[in-house]
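Structure record follows, encoded as structure tokens.
The values are calculated or read from the model by the stated rules, or taken from the named source; none is laboratory data. Keep in mind it's a predicted model, so treat the numbers as computed, not measured. Ideal geometry is used to build each Cβ from the backbone, glycine not excepted, and the neighbour counts take in all protein chains shown.
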Amino acid sequence: MRRRRVSRLLAPLVPLIALAACTPQQDPDNSAASPVIRVPAAERRAAPDLNGTALDGGRVRLSDYRGKVVVLNVWAAYCGPCRAEAPELSQAQRHLAAKGLQVVGVDTDADRSQGRAFASDHHLAYPSLYDPGSRQLVHRMPRKYLAQALPYTLFIDRNGKIAARGLAGLTEADVRTITRPLLAEKADGMR
């Protein structure tokens with residue numbers, strides 16, 4: 001009898017305990033809101049050259065942005081945190097493009113029209129690759145960089161290597177904090 005009573009009392013806390021156990025480590029620079037995991041320069045691996053059709057009908061190829069710091073943001077129209085961070089990423093694109101930053105979205109919606117509506121409604125200032133069901137990501141991205149939830153973001157250095165990953169919605173301030181050291185780095189072969 002006593003065990004059932006304790007179980008009933010603890011049952012509402014189980015989701016909170018599980019959530020706390022799954023919270024990623026905070027950014028070492030103590031970014032206020034963004035859980036991010038940085039990859040030391042010596043341990044960075046090349047990002048796959050994702051490519052295909054953009055939501056606007058054009059072409060997107062990740063390698064076309066080599067020499068820039070790429071913020072690769074994976075999203076879906078149904079995702080609440082994705083909707084919240086989209087304007088923030090557009091602001092980051094507008095404010096940091098001249099410093100060498102390029103935001104690239106990856107729309108994982110099954111229906112392209114949902115992604116197009118999302119891009120239009122949120123006035124995205126960056127291209128988004130259409131990757132229904134994350135097919136390219138799942139087959140081409142190193143497993144350790146795949147996340148189980150949306151949104152998630154990979155930060156790719158000027159040499160095309162994965163330098164960090166964000167595991168939650170981001171603000172423009174988060175993007176600035178995470179990319180500041182990456183924007184200061186030079187690409188191999190650049191002076």
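Pick out, from the range 106-191, the strands (runs of 3 or more DSSP E) lying fully within it that include 3 or more residues that are crowded, with 18+ Cβ neighbours inside 10 Å, at pLDDT 90 or above and hydrophobic (A, V, I, L, M, F, W, C).
Details: elements: 128-130, 152-156, 162-166.
Fully inside the range 106-191 and qualifying: 152-156, 162-166.
Considering only residues that are touching a Ser or Thr at 6+ places or on another chain (Cβ under 6 Å) and among the aliphatic types (A, V, I, L, M), which ones fall in the range 153-170?
Across the range 153-170, the qualifying residue is only LEU170.
Only residues that are in a helix (DSSP H, G or I) and surrounded by 19 or more Cβ atoms within 10 Å (Cβ to Cβ): list them for the range 65-87, please. Break it down stepwise before answering.
First, the residues of the range 65-87 that are in a helix (DSSP H, G or I): 65, 80-87.
Selection gives TYR65, CYS82, GLU85, ALA86.
Please go through the range 68-115 and give me each residue that is in contact (Cβ under 8 Å) with a residue 60 or more places away in the chain and basic (Lys, Arg), ordered by number.
LYS68, LYS99
Sort out which residues of the range 30-79 are acidic (Asp, Glu) and under 22 Å from ARG143 (Cα atoms), and write them in order of number.
So in the range 30-79, the residues acidic (Asp, Glu) come out as 43, 49, 56, 64.
Once the filter is applied, which keeps residues that are acidic (Asp, Glu) and under 22 Å from ARG143 (Cα atoms), the range 30-79 yields GLU43, ASP49.
Got at least one residue in the range 162-170 being over 30 Å from ALA117 (Cα atoms) and either in contact with a helix residue (DSSP H, G or I) (Cβ under 9 Å, 6 or more places away or on another chain) or free of Cβ contacts under 8 Å to residues at least 12 places away in the same chain (or both)?
Start the filter on the range 162-170 by keeping residues that are over 30 Å from ALA117 (Cα atoms), which leaves 163.
Now restrict to residues that are either in contact with a helix residue (DSSP H, G or I) (Cβ under 9 Å, 6 or more places away or on another chain) or free of Cβ contacts under 8 Å to residues at least 12 places away in the same chain (or both): 163.
The answer is yes, given that some residue of the range 162-170 is over 30 Å from ALA117 (Cα atoms) and either in contact with a helix residue (DSSP H, G or I) (Cβ under 9 Å, 6 or more places away or on another chain) or free of Cβ contacts under 8 Å to residues at least 12 places away in the same chain (or both).
For the range 41-64, what are the residues that are within 14 Å of GLY160 (Cβ to Cβ) and outside any loop (DSSP other than H, G, I, E, B)? Walk me through how you get there before you give the answer.
We begin by selecting, within the range 41-64, every residue within 14 Å of GLY160 (Cβ to Cβ); these are 41, 44-51, 61-64.
Passing the criteria: ALA41, ALA46, ASN51, ARG61, LEU62, SER63, ASP64.
Hey, could you check the range 140-191 for residues that are touching a strand residue (DSSP E or B) at 6+ places or on another chain (Cβ under 6 Å) and of a type in the set (Gly, Ala, Ser) and say which is nearest to GLU43 (Cα to Cα)?
Among those that are touching a strand residue (DSSP E or B) at 6+ places or on another chain (Cβ under 6 Å) and of a type in the set (Gly, Ala, Ser), it is ALA163.
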